[in-house]
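Heads up: the structure comes next, in structure tokens.
The values are calculated or read from the model by the stated rules, or taken from the named source; none is laboratory data. Bear in mind that the values here come from a model prediction, so they are computed numbers and not experimental data. When we count neighbours, we look across all protein chains shown, and the Cβ atoms used for this are built from the backbone with ideal geometry, even at glycine. Ligands, DNA and RNA are excluded from the accessible area calculation, which covers all protein heavy atoms including side chains. Shrake-Rupley method; radii C 1.70, N 1.55, O 1.52, S 1.80 Å.
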Amino acid sequence: MAKVKTSFFCQNCGAESPKWVGKCASCNEWNTYVEEVIDRPKSATPFSSSSSQRASKAHSLNEIEKKIERRIELKDVELNRVLGGGMVPGSLILFGGEPGIGKSTLLLQMAIQETDKKILYISGEESEQQIKMRADRIGIGNDNCFVLTETSMQNVFLQIEAVEPDILIIDSVQTMHSQNIESSPGSISQIRECTAELLRYAKESGTPVFLVGHITKEGSLAGPKVLEHMVDTVLVFEGDRNHVYRIIRSVKNRFGSTNELGIYEMHGAGLRVVENPSEILLSNNEENLSGISIASTLEGIRPIMVEVQALVSTAAYGTPQRSSTGYDLRRLNMLLAVLEKRCGFKLGAKDVFLNIAGGIKVNDPAIDLAVVCAIMSSNANIPINKKISLSAEISLSGEIKPVNRMDQRISEAQKLGMEQIIISKYNKGIHQKDFEIEIVKVGKIEDAIRAIFG
Ligand code: TYD
Ligand code: MG
């Protein structure tokens with residue numbers, strides 16, 4: 001009997017080693033190596049190509065004819081936009097997200113909405129009954145949406161031949177297994193093999209394929225970095241499970257920009273597109289409370305107004321606490337140090353808590369000024385006028401730095417009825433006459449504080 005060939009694979013990053021090792025040399029994780037069978041029979045898959053026999057010739061770029069790019073438009077406008085204006089035929093789209101965030105809901109909802117396309121939804125996680133119940137919750141009828149509970153790739157391909165779908169959805173890649181390879185479902189070699197088979201199917205038939213992938217608790221797509229290299233587009237669904245907002249981001253896109261994002265709201269009956277996120281993220285309380293400021297930020301290339309909430313209080317115990325939700329804690333510590341050193345505010349003995357409303361995470365540096373002003377407002381217990389918005393970065397020297405796409409941020413603030421926006425005086429090309437909202441340009445934190453609190 002021929003000897004079975006095996007190798008060891010890191011289940012975290014996909015690195016291969018001929019022998020077992022305790023610590024992965026490429027991702028430094030411990031105890032992640034698992035032995036997997038790599039010897040596979042010849043002529044295994046229905047989509048294997050004999051490319052070695054095809055003569056290929058290189059062409060100069062000018063010789064290559066430009067084909068009109070065809071896009072398959074989806075009814076879900078947000079998904080369309082994140083994909084760069086619809087799906088490209090034959091593309092493989094990886095859709096990642098934490099468990100329970102709503103991946104299955106979003107894809108099933110998309111499948112039901114597309115009444116004019118034949119969709120095959122393969123689930124390896126839920127029974128057909130469960131999917132039916134979920135579909136009833138979302139509540140639109142569709143005869144063209146086919147559902148199958150299956151985990152074997154070979155059976156999936158048989159059904160694909162029978163149904164001939166326009167769009168294929170696989171939920172999830174970690175539950176699928178191919179008979180061409182002997183390791184267990186969810187292992188690196190299985191995931192890689194199943195994805196490779198689906199990739200060949202997508203490219204040869206021109207059918208777009210959605211592939212759901214789980215995310216590990218560290219936030220990377222479970223197991224395989226390898227997967228990200230194989231697919232055309234990587235979308236990540238994120239959000240705080242205790243809040244209703246979900247954001248879909250494009251991390252990689254061979255056919256469009258990665259700056260776009262889509263925003264949804266989770267309801268009892270599925271996910272609803274949020275057309276104007278700023279209006280919901282700003283709370284509508286009538287009272288003017290201290291410790292609240294409004295920042296004009298950008299998510300990708302979309303302007304969004306967010307509410308920053310701060311609470312500064314005298315530390316009850318020896319070591320003051322600093323806690324931040326939705327904003328980088330190290331950056332908060334840095335801003336507190338700038339306030340202490342450059343502006344002389346004694347915050348060293350105070351507890352500081354920071355929260356971004358709506359459960360969203362903001363990485364845009366333009367929120368810095370709003371964070372500082374919310375802290376100052378809470379510290380002095382003086383509310384900030386709710387018609388003032390802020391948009392600027394703060395440097396270590398306490399200077400107010402300019403940020404990109406300023407005109408978009410100002411327009412968004414104006415659209416939401418703000419009366420004043422405070423920006424850096426180093427922002428070029430911004431003229432008061434182009435806007436109705438009053439633009440206040442400042443160079444230092446002290447100037448901003450004076451502009452707000454008088
Ligand atoms: P699900 O799509 O199963 O998540 P994933 O596939 O990413 O693991 O989403 C499950 C969550 O969504 C669950 O906690 C219930 C909630 N949900 C709603 O709030 N409304 C709905 O209409 C549906 C179908 C789910
Ligand atoms: Mg699911």
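So how many Å³ per residue does the convex hull of the Cα atoms of the chain work out to?
Taking the convex hull of the Cα positions in the chain, it is 213 Å³ per residue.
Once amide H atoms are placed 1.01 Å from N in the peptide plane, what residues at a sequence separation of 5 or more from GLU299, or on another chain, have their amide H within under 5 Å of its amide H?
The answer is ILE304.
Which whole-Hz couplings ³J(HN,Hα) result when phi for each residue of segment 207-214 is put into the Karplus expression 6.51 cos²θ - 1.76 cosθ + 1.60, θ = phi - 60°, listed in order with x for Gly and Pro?
Taking θ as phi minus 60°, the curve returns 8, x, 10, 9, 10, 8, x, 7 Hz for segment 207-214.
In sequence order, what are the phi-derived ³J(HN,Hα) couplings for segment 301-311 according to the Karplus relation 6.51 cos²θ - 1.76 cosθ + 1.60 with θ = phi - 60°, rounded to whole Hz, with x for glycine and proline?
10, 9, x, 9, 8, 10, 9, 9, 10, 10, 9
Based only on the alpha carbon positions, what is the Kirkwood hydrodynamic radius of segment 72-275, in angstrom?
Computed over segment 72-275, the radius equals 16.8 Å.
For segment 72-275, what is the accessible area per residue in Å² when the probe is 1.4 Å?
Result: 39 Å² per residue.
If you roll a 1.4 angstrom probe over the protein chains with everything in place, what fraction of the accessible area of the chain belongs to carbon and sulfur, to the nearest %?
Percent of accessible area from carbon and sulfur atoms in the chain: 50.
Based on the mean of other beta carbon atoms within 10 Å per residue, what is the order of 171-182, 115-126, 430-441, most packed first?
The densest-packed peptide leads the list: 171-182, 115-126, 430-441.
Show me the ranking of peptides 234-243, 373-382 by mean Cβ neighbours inside 10 Å, starting with the highest.
Sorting 234-243, 373-382 by mean packing, highest first, produces 373-382, 234-243.
What are the residues whose amide H is under 5 Å from the amide H of GLY97, where those residues sit 5 or more places off or on another chain and H is modelled from the backbone?
Excluding prolines and chain starts, which carry no amide H, the hits are GLY213, ILE215, PHE237.
Heavy-atom accessible area per residue, segment 280-453, 1.4 Å probe: how many Å²?
Heavy-atom accessible area per residue stands at 46 Å².
Quick query: amide H of GLU29 versus all other amide H atoms, modeled in the peptide plane; which residues come in under 5 Å with a sequence gap of 5 or more or a different chain?
Residues meeting the criterion, in which the H sits 1.01 Å from N, are CYS24.
Find the eigenvalues of the gyration tensor of the Cα atoms of segment 108-152, then list the square roots of 5 times those eigenvalues as equivalent ellipsoid semi-axes, largest first, in whole angstrom.
Value: 17, 13, 7 Å, ordered largest first.
In whole Hz, with x marking every Gly and Pro, tabulate ³J(HN,Hα) for segment 289-299 from phi via Karplus 6.51 cos²θ - 1.76 cosθ + 1.60, θ = phi - 60°.
Using θ = phi - 60°, the values come out as 10, 7, x, 10, 9, 10, 10, 9, 10, 10, 10 Hz.
Per the Cauchy relation, a quarter of the hull surface: what is the mean projected area of the convex hull of the alpha carbons in segment 340-424, in nm²?
Average projection, Cα convex hull of segment 340-424: 6.3 nm².
Per 0.36 nm of contour for each residue apart, how much would the distance between ALA315 and THR258 grow if the chain were fully extended, relative to their Cα-Cα spacing?
16.3 nm
Given a Förster distance of 51 Å, report the FRET efficiency between CYS343 and GLU150 from their Cβ-Cβ distance, rounded to the nearest 0.05.
Calculated value: 0.20.
Which of the pairs LYS415/LYS444; LYS118/LYS252; LYS346/LYS386; LYS66/LYS415; LYS5/LYS57 have their Cα atoms more than 32 Å apart in this structure?
LYS66/LYS415; LYS5/LYS57
Taking the Cα-to-Cβ direction at MET133 and at GLU161 and moving 7 Å from each Cα, how far apart do the two end points lie in nm?
That separation, rounded to one decimal, is 3.5 nm.
Charges only on Cβ, +1 for Lys and Arg, -1 for Asp and Glu: so what's the dipole of segment 251-356 about the Cα centre, in debye to the nearest 20?
660 debye
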